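Undergrad: Below: one structure in C-alpha cells.
The values are calculated or read from the model by the stated rules, or taken from the named source; none is laboratory data. All values reported here derive from a predicted model rather than from experimental measurement. Neighbour counts are summed over all protein chains in view; Cβ atoms, including those assigned to glycine, are modelled from backbone coordinates with ideal geometry.
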Amino acid sequence: MSDADDSLPSHLLVDVQGAATRLLAGGVVAIPTETVYGLAAVATDDDAVSRIFRLKERPATNPLIVHIEGPEQLPDWAPDVPAAALDLADRYWPGPLTLVLNRARTVSDLITAGQDTVAVRVPDHPVTSALLAELRRRAGHPVALVAPSANVSGTVSPTTASHVINGIGRYLGPGDGVLDGGECRVGVESTIVDARHSALRVLRPGAVVIAPTPVPPNTATPVVPGSQSSHYAPRAAVTLVTDSAELPTPRGRQQLGLLAPAEIDTPAGYLRLGSPEDDTEFARGLYAALHAADDARVTQIFVVPPAAGALRPAVLDRLIRAAAARPDQAEGTESGLGS
Ligand code: AMP
Ligand code: MG
C-alpha cells in the first residue's frame, strides 16, 4: 500500500465489494492496474462512460481501452481476431499490452471515438482481477470496464491512490470511489499494438516489447488518437539532458529538480526527484517524481533518461511529450490533449 494511505479521505476509499456496488449503480471508480490507476466505468453503461470524458476533460476524439477478465471475453468486443493477435494475448495477458482490433458492432461509439476499431487488454493487478471476478459474480455474466488514466487530460498519470485523490478527488461524487491497490508496479501506460493484420504495429511503447514485423507496402497508416505531442505534463517545465554536464547553475528563486540514474550525482542547489537503478525503476518512479516536483513547487525539472533497457523507449516517449508541454498548459484545462 502507498505511504500516504493514512491521509486518504475515507469517504472516497472503497474495497472490492464497494467498488463493485458503485460501478454497477453507474458510478465511476479509480482502480489500480500494473500500469497506472484507471478511472473505471462499466463499458456498456453509456452514461457512466460519458461521465469519464467530462470528469477528465478528455476530448471525445480520444478512444478508451476496454479492460476484460480474460481472452475468452474477446469475442464480445472483437469478433475476428487474427492468429498473431491471439498469440500475443496468450503470451502477454494478463499484462501491459493493449490490442487494437476490428470492433464488434455492439461496441459504443463513445468507447471507440467512432472508429471501426476497439482497444482491449487484460490488466494484471490482483485487486482489479478480484473486482472483475466480483462484477461477473454479481451480474451473472462477464463485465468489462473502460479505464483511462485517472487524471485530468494532459496532466501526469497517477501511480498511487493519493495521486488520484489529489488530482481528481474533488470531482468525484458520493456514488464514486477510489480503490487503493498500492503503487503501480510498471508505472507507465500499456504498450498498444495494432493487431488487425499479421504485420503488427506498435502505436505506443510500453513495458511489453514487440519485435517489429515488416509492414507490407500500401498499408494505411493507423489512426492513433490521443497520441498528442504534448501530454503527461507536470506544472514545471521538463527538460531532457544527456548528462550532468548540461545542467545549468541554479539562479535566484528558481527551484530546479533532477531525475537521473543513480550513478549521476546531484549538483548543488538541485532537488533530487529520484535515483533509479535501471530502466524498470525509472518507469516505476517516473510519474511519482513528476508529481513530487509539483508538490515541491519545482519550476524546472531536468531529466537524464535511462541509457538502456527494454523500458527506455516507453520512458523516453512519455518524457518527450512531457517536455513538449508549455508549463502554463499543464493544468490540462485546454482541449485537444490526450489523457
Ligand atoms: P489510455 O490513455 O492509457 O487510456 O489509452 C488510451 C489510448 O489508447 C488512446 O489515447 C489511443 O491512443 C489508444 N486507443 C484506444 N482505442 C484505440 C483505437 N480504437 N484505435 C487506436 N488507438 C486506440
Ligand atoms: Mg492517460
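Undergrad: Looking at Ser153 and the list (1) more than 14 Å from ligand 2 (Cβ to nearest atom); (2) within 21 Å of the chain's Cα centre (by Cα), which single condition is not satisfied?
TA: With (1) more than 14 Å from ligand 2 (Cβ to nearest atom); (2) within 21 Å of the chain's Cα centre (by Cα) applied to Ser153, the lone miss is (1).
Undergrad: Within segment 262-293, which residues are within 23 Å of Pro313 (Cα to Cα), buried (at least 18 other Cβ atoms within 10 Å of the Cβ) and not aliphatic (A, V, I, L, M)?
TA: Listed by number, the residues that qualify are Gly274, Ser275, Pro276, Asp279, Thr280, Glu281, Phe282, Arg284, Gly285, Tyr287, His291.
Undergrad: If you don't mind, there's one more thing I want to ask. Given (1) surrounded by 20 or more Cβ atoms within 10 Å (Cβ to Cβ); (2) on the phi > 0 side of the Ramachandran plot, identify the lone condition not met by Gly26.
TA: Unmet for Gly26, out of (1) surrounded by 20 or more Cβ atoms within 10 Å (Cβ to Cβ); (2) on the phi > 0 side of the Ramachandran plot: (1).
Undergrad: Moving to a separate point now. Answer yes or no: is there a residue in segment 119-126 that is buried (at least 18 other Cβ atoms within 10 Å of the Cβ), of a type in the set (Lys, Arg) and in contact with a helix residue (DSSP H, G or I) (Cβ under 7 Å, 6 or more places away or on another chain).
TA: no
Undergrad: Can you tell me which residue among Arg137, Arg54 is over 20 Å from the mean Cα position of the chain (by Cα), assigned to a helix (DSSP H, G or I) and not aliphatic (A, V, I, L, M)?
TA: Arg137
Undergrad: Separate question: How many of the residues in segment 86-120 are under 20 Å from Val42 (Cα atoms) and in a helix (DSSP H, G or I)?
TA: 4
Undergrad: Read through the list (1) within 16 Å of ligand 1 (Cβ to nearest atom); (2) modelled with pLDDT of 95 or more; (3) more than 27 Å from Ala289 (Cα to Cα); (4) hydrophobic (A, V, I, L, M, F, W, C), then give the number of the only condition that Ala147 fails.
TA: (3)
Undergrad: For the list (1) farther than 26 Å from Thr155 by Cα; (2) of a type in the set (S, T, N, Q); (3) in contact with a strand residue (DSSP E or B) (Cβ under 6 Å, 6 or more places away or on another chain), I need the number of the one condition that Ser244 fails.
TA: (3)
Undergrad: On the basis of being touching a His at 6+ places or on another chain (Cβ under 8 Å), outside any helix (DSSP H, G or I), within 16 Å of ligand 2 (Cβ to nearest atom) and in contact (Cβ under 8 Å) with a residue 12 or more places away in the chain, does Pro123 make the cut?
TA: Yes: the conditions hold for Pro123.
Undergrad: Continuing with this model, one more query. I'd like to know if segment 72-85 contains one or more residues that are more than 11 Å from ligand 1 (Cβ to nearest atom), in contact with an Asp or Glu (Cβ under 9 Å, 6 or more places away or on another chain) and part of a loop (DSSP other than H, G, I, E, B).
TA: No, there is no match, as no residue in segment 72-85 is more than 11 Å from ligand 1 (Cβ to nearest atom), in contact with an Asp or Glu (Cβ under 9 Å, 6 or more places away or on another chain) and part of a loop (DSSP other than H, G, I, E, B).
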